[in-house]
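The values are calculated or read from the model by the stated rules, or taken from the named source; none is laboratory data. Just so it is clear, the structure is predicted and the values come from calculations on it, not from any experiment. With ideal geometry, Cβ positions are generated from the backbone for all residues, glycine too; neighbour counts draw on all protein chains shown.
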């Protein structure tokens with residue numbers, strides 16, 4: 001594609017140099033520049049891409065897109081905002097793939113991963129070809145790939161959508177983070193269905209206030225468009241039990257379907273019963289009433305199932321088919337996942353890394369636990385510090401014994417993070433909790449002290465297979481570490 005054709009959507013714009021050069025790729029990473037690429041300079045939080053523009057030209061970049069004046073011998077496109085331009089350029093370069101795909105975006109503090117996987121299961125069982133992008137991985141066709149961010153940048157996102165179309169996908173299902181919305185990563189994405197799970201405290205290191213956090217989430221619903229096309233009817237699926245849904249319903253012109261448990265909703269669950277092996281309930285909806293028994297445990301998974309049901313109903317899928325698909329799901333990686341190594345107690349690994357998700361997990365455990373509840377929990381470094389004492393307080397509120405430990409300390413001192421957590425435990429007896437900064441030792445401690453019918457919840461990392469300490473990434477999987485600890489205990 002010629003540069004001048006690619007620049008058509010951009011206004012205002014000025015070009016110094018030849019706008020007839022051929023563009024064969026897009027990148028914002030100077031380390032990945034290939035001959036013929038258009039290099040886009042982003043002003044990041046740590047580094048400024050403008051500093052690498054000359055290097056990009058030396059590596060063969062055909063042209064540079066910048067928002068600052070650059071004195072370079074080469075073609076430079078000057079725009080007011082390179083992030084906004086990147087989204088427009090990516091959409092144009094990859095042929096606006098979401099105008100063909102039916103894009104389903106799921107946002108919220110908790111539940112995004114499970115909800116997207118449930119939606120994917122329902123659609124796949126209806127012989128719909130799908131692609132999936134989220135926290136655990138992205139799947140294009142039958143190929144599963146790792147992802148760096150929950151929601152990739154605009155270039156990688158549009159590239160993935162184009163690859164999905166090349167694999168004849170009809171639907172793309174993605175997790176949409178608040179960071180992605182605030183940074184404009186999903187600008188240009190023609191979202192077909194937007195889903196809201198819930199809004200609780202998280203990412204305040206970035207958003208600063210809950211109002212800013214809520215506003216970022218609202219962008220997904222405001223960006224559903226402002227026209228009604230009978231061939232592509234847009235839908236907002238909102239959690240009626242979360243107050244933020246009132247704002248999201250106001251900002252979207254799309255048709256709204258609500259789901260919930262405690263309040264009246266278009267898709268509602270009643271008669272909920274939770275055991276250690278599953279959850280049963282009855283769905284009462286505008287499409288009918290049906291009973292369901294999930295292999296997933298917990299009230300929070302009822303919400304996830306309701307959200308997926310609402311999406312499927314909007315696609316015209318009957319309740320009976322939805323029931324069959326949801327009941328067949330055995331679990332989602334790192335989400336209330338059981339570790340079985342022949343032990344007489346229960347070990348669960350869960351990605352609960354926010355106050356709300358930790359409380360949801362522990363209250364669910366209390367519903368079926370017959371013995372003591374152990375909770376192994378930490379808080380990430382270089383992230384929202386205000387939630388640390390809150391999470392420690394929640395852990396000691398619901399668990400009989402708590403092990404405070406590390407969870408990706410990054411550049412922070414693990415002991416300082418633990419001190420922040422203990423600040424929320426001033427009124428908690430000292431024998432209710434222990435601090436062990438080494439996460440492996442923390443898990444071993446819980447396993448060594450557990451007895452028959454006890455439950456150990458290992459919270460925070462879920463599916464992650466690494467531990468970030470300083471600048472180093474170490475292999476670490478809570479599930480493997482727990483299984484090793486159990487096997488070691490059985491051999492003694």
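Among the residues of the stretch 284-298, the ones that are in contact (Cβ under 8 Å) with a residue 60 or more places away in the chain and closer than 14 Å to residue 308 by Cβ come to 1 in all.
Given the conditions (1) in contact with a strand residue (DSSP E or B) (Cβ under 9 Å, 6 or more places away or on another chain); (2) modelled with pLDDT of 95 or more; (3) outside any helix (DSSP H, G or I), report the number of the one that residue 451 does not fulfil. Result: residue 451 fails condition (1) only. Scanning the stretch 165-178 for residues that are in contact with a strand residue (DSSP E or B) (Cβ under 8 Å, 6 or more places away or on another chain) and not in a helix (DSSP H, G or I) returns 167, 169, 170, 171, 172, 173, 174, 175, 176, 177. Within the stretch 1-24, the residues that satisfy the criterion of being assigned to a strand (DSSP E or B) and in contact (Cβ under 8 Å) with a residue 60 or more places away in the chain are 14, 15, 16. Selection of the stretch 262-279 for residues being at pLDDT 95 or above, farther than 22 Å from residue 249 by Cα and surrounded by 15 or more Cβ atoms within 10 Å (Cβ to Cβ) yields only 279.
Only one entry in 169, 180 is crowded, with 19+ Cβ neighbours inside 10 Å and more than 16 Å from the chain's Cα centre (by Cα), namely 169. Of all residues in the stretch 198-236, those satisfying the criterion of being buried (at least 19 other Cβ atoms within 10 Å of the Cβ), in contact with a strand residue (DSSP E or B) (Cβ under 7 Å, 6 or more places away or on another chain) and within 20 Å of residue 187 (Cα to Cα) are 217, 220, 221, 223, 224, 234, 235, 236. Please tell me if residue 162 is assigned to a helix (DSSP H, G or I) and touching a residue at least 40 places away in the same chain (Cβ under 8 Å). The answer is yes for residue 162. The residues of the stretch 138-159 that are more than 18 Å from the chain's Cα centre (by Cα) and outside any helix (DSSP H, G or I), listed by number, are 141, 142, 143. Residues in the stretch 128-137: is at least one modelled with pLDDT of 95 or more and over 22 Å from the mean Cα position of the chain (by Cα)? Taking every residue of the stretch 128-137 in turn, at least one turns out to be modelled with pLDDT of 95 or more and over 22 Å from the mean Cα position of the chain (by Cα). Quick one: is residue 369 modelled with pLDDT of 95 or more and either more than 20 Å from the chain's Cα centre (by Cα) or buried (at least 19 other Cβ atoms within 10 Å of the Cβ) (or both)? Here the answer is no, as residue 369 does not meet what is asked.
Just need a number here: residues in the stretch 386-424 that are under 16 Å from residue 358 (Cα atoms), surrounded by fewer than 21 Cβ atoms within 10 Å (Cβ to Cβ) and under 24 Å from the mean Cα position of the chain (by Cα). Number of matching residues: 3.
Note on the stretch 299-330: residues that are without any contact (Cβ under 8 Å) to a residue 60 or more places away in the chain, part of a helix (DSSP H, G or I) and more than 23 Å from residue 364 (Cβ to Cβ) amount to 3. Of all residues in the stretch 102-123, those being assigned to a loop (DSSP other than H, G, I, E, B) and either in contact with a helix residue (DSSP H, G or I) (Cβ under 6 Å, 6 or more places away or on another chain) or under 19 Å from residue 327 (Cα atoms) (or both) number 2.
In the set (1) surrounded by fewer than 23 Cβ atoms within 10 Å (Cβ to Cβ); (2) within 15 Å of residue 87 (Cβ to Cβ), residue 147 fails one condition alone, (2).
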